[in-house]
């Protein structure tokens, strides 16, 4: 009987020692894992569980432009595109807008050249009795030289023109100048609208989760009675 009592005491104390040793070893493992920055410790009663988790890396915040700000900055040509980070659009905006201004300025120069020639046929001296009429000694068929300049005023072309030819040239280049101004304004307005629309599109939350599934369908087109069939359903999330 004494031997059985001693055996029971031995088993009891052995279990107590093991129960005390296991948490200590587990705590050491937890501390070692915690030092690496990737362990989460969960305790429930006397049991400590260690759950391995991947380190959470900070993700860069997606750029979300404000459409109102993009529109205001677009008042400066290319400003809205720079704000939206659409740098590849800048050459398109500047070339288109610059081409319109180039055409406007060139047509303005040629219009002024023909206008000066046309005025030279008339007496514009307000103190003269012949004011507003063709100068004395000139007729509508008289010829004068028109100096037609280039954009940089480095070269000139001298062309003979009568009064009517000077008038037609004056009107021609004036129409071209007005058309170039309209095109430049259209391009300018279009760049502002594009910046606003692009800013709106960048705020949309578009997901790559596009799924397709097949579902049964009873009602078919051009069928008066229920007819079994299939339909394809796209699910965009």
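Go ahead and collect, in residue order, the members of the stretch 157-187 whose backbone nitrogen is under 15 Å from a label point 7 Å along the Cα-Cβ direction of residue 145.
157-162
Under a plain spin-label model, where a point goes 7 Å from the Cα along Cα-to-Cβ, how far apart in nm are residue 108 and residue 90?
Computed distance between label sites residue 108 and residue 90 equals 2.6 nm.
Could you check the spin-label model distance between residue 68 and residue 189? Points 7 Å from the Cα along Cα→Cβ, value in nm.
Here the answer is 2.4 nm between the modelled labels.
So, in nm, how far is label residue 120 from label residue 75 when the simple model puts each one 7 Å beyond its Cα toward the Cβ?
With each label placed 7 Å out from Cα toward Cβ, I get 4.5 nm.
Provide the gained length on full extension for the span residue 152 to residue 138, in nm with one decimal, where the gain is 0.36 nm per separating residue minus the Cα-Cα distance. Before the final figure, lay out the partial values.
On the way: separation 14, 0.36 × 14 = 5.04 nm, distance 3.26 nm.
Going from the current span to full extension adds 1.8 nm.
Each reported figure results from applying straightforward, stated rules to the coordinates on display, with no laboratory input. For clarity, every value in this text was computed on a predicted model and none was experimentally measured. Don't worry about glycine lacking a Cβ; one is built from the backbone with ideal geometry, like all the others, and counts go over all protein chains shown.
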